[in-house]
Amino acid sequence: MPNFFGFNNRAGLQAPAGKSPENNYLSRFMISNHPVQYSMRPFYYVLLFLNGFLLFACNSKAQKKLAIIGSSTPACFRVVSFDSCYVNRVQRYYSDAGTPINVDNKAEAGDNIYRGMPTGYTPPAGRDAPEPARNITAVLAGNPDVVLVHYPSNGYDVFSISEAMFCMRTIKKVANDAGKPCFFGTTQPRTSGAYNTPEIKKKMIDLRDSILNAFGAYAINFWDRLVNPADTALLPQYDFGDSTHLTSAGHSVVAEQVIAKNVFAFGVLPLRFTGFSAYASSNQAHIQWTTVSEEDIRSYNVERSDDGSSFHTIQQIPARHQSSNNYSVTDPTPVSTQSYYRIAAISNAGQPSYTQLVRIATKELAFQLQKILVNGLSVSAELHAAEKQEITIQLVNNTGQVLAKISKELQAGFNRIQLPASLPGNGLYFLRIVNSRLESQVKSFVK
């Protein structure tokens, strides 16, 4: 029986039942080509064993390894047979293609995203602790080439979207810090129990969108092809009968999504912008950004627009390819009234990826956001104001969700403002500030 997790059994060295060693093809080949005494055959069997063992070891080392953490779908719960489970389908696909892979599948039915958090993490009250035998720490110990995180639904009726995304970003950071690409499966349709309410159905869709937006090319959409748009339930042909788990046909769809992603082609970790800001001074625009993991990036285009829609490149900067990178350019001739800026990161294959937009007034602002301070879960901003004025500050996450909004009166000179919100987790955030004259400034930061 083939080993489900990819550790294929080595063929034995004994002759087939009822046949002497001379009738074994390998034995006959060795004897006929090496005229030795029969008493020397044990020596050749030892050589044959060592040769086979070394060949197996070399092949195993060359094989790619996929590690999986998650819950019932990747755990093959309620499948008719292991062969029909999507994990085995993916493994069989690579084997048939001549590039067999090893799979370290630590998924467990009933687990949720908190179970996958790194060992040592302390969860909030009422949330599960990490499971050391099957969390991100456990799979990284096996030195995989790629990690797949696939928790389709458990706990999302209770968890907020922000806390679920915090867990995913934490797991991703741990994997990326270990040099491993990490992929995330989206939510899957489920209408059993508490999930069969308008509120939870919407949350499952919103969480799908959050995963797709947050992880981009490193997200795998397991929702769209399984869902019945009429009621967000599983399509009948994919429903095992409990409105939660998948039939063999459903597993086939999931397998196709994983195979189409071609996860082993993502040998380089994704670029991450850790900061991006622009401000006006002396009728010039100053643009700054910072990055990590830019090995697959060839260059950066600094792009400007006067309407926030049509952009053109004003400067091109080659990528530096350091562990962390700081860039700064000056636009000496910004648009006369206001300018929008963004950075286009150009991959080695020529594909662009973009930052969010930053809008600045061409003339020097009546205020300048000088520093963002992050202390634990809290955020504060330091600003310098040329005069007394009213401003509004928004704290926004990387999906555009406004986490906090306050209005304050700035005094001329130095000001420090504490925001009345807690950061939900690690990731990219933005502060948007606008005064009564609609002068604005946006600055990004990473927690």
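Structure notes:
- Conditions (1) farther than 19 Å from residue 150 by Cα; (2) part of a loop (DSSP other than H, G, I, E, B); (3) free of Cβ contacts under 8 Å to residues at least 12 places away in the same chain: number failed by residue 202: (2)
- Taking the range 145-160 as the range and being under 23 Å from residue 212 (Cβ atoms) and under 16 Å from the mean Cα position of the chain (by Cα) as the test, the residues that pass are 146, 147, 148, 149, 150, 151, 152.
- Within the set 273, 266, the sole residue that is over 16 Å from residue 359 (Cα atoms), touching a strand residue (DSSP E or B) at 6+ places or on another chain (Cβ under 9 Å) and modelled with pLDDT under 80 turns out to be 266.
- Some residue of the range 327-340 being at pLDDT below 90 and at positive phi: no
- Condition check for residue 414: farther than 24 Å from residue 315 by Cα, assigned to a strand (DSSP E or B), among the aromatic types (Phe, Trp, Tyr) and not assigned by TED's automatic domain parsing to the domain that holds residue 304: yes
- Taking the criterion of being in a strand (DSSP E or B) and without any contact (Cβ under 8 Å) to a residue 40 or more places away in the chain, the residues of the range 417-439 that qualify are 417, 432.
- Tally of residues being under 23 Å from residue 206 (Cβ atoms) and assigned to a strand (DSSP E or B) across the range 393-411: 8
- Condition met for residue 333 (under 26 Å from residue 434 (Cα atoms), loosely packed, with under 15 Cβ neighbours inside 10 Å, touching a strand residue (DSSP E or B) at 6+ places or on another chain (Cβ under 9 Å) and not assigned by TED's automatic domain parsing to the domain that holds residue 431): yes
- Residue in the range 292-307 that is of a type in the set (A, V, I, L, M) and either surrounded by fewer than 16 Cβ atoms within 10 Å (Cβ to Cβ) or within 25 Å of residue 173 (Cβ to Cβ) (or both) present: yes
- For residue 137, the requirement of being farther than 25 Å from residue 401 by Cβ and surrounded by fewer than 17 Cβ atoms within 10 Å (Cβ to Cβ) is not met.
- Of the strands (runs of 3 or more DSSP E) entirely within the range 75-191, those holding at least 2 residues that are closer than 16 Å to residue 207 by Cα occupy 146-150, 182-185.
- Yes/no for residue 145 being surrounded by fewer than 20 Cβ atoms within 10 Å (Cβ to Cβ) and out of contact with any strand residue (DSSP E or B) (no Cβ under 7 Å at 6 or more places or on another chain): no
The values are calculated or read from the model by the stated rules, or taken from the named source; none is laboratory data. Quick caveat: nothing in here was measured; it's all calculated off a predicted structure. Here the Cβ is made from the backbone with ideal geometry for all residues, glycine too, and neighbour counts use every protein chain on show.
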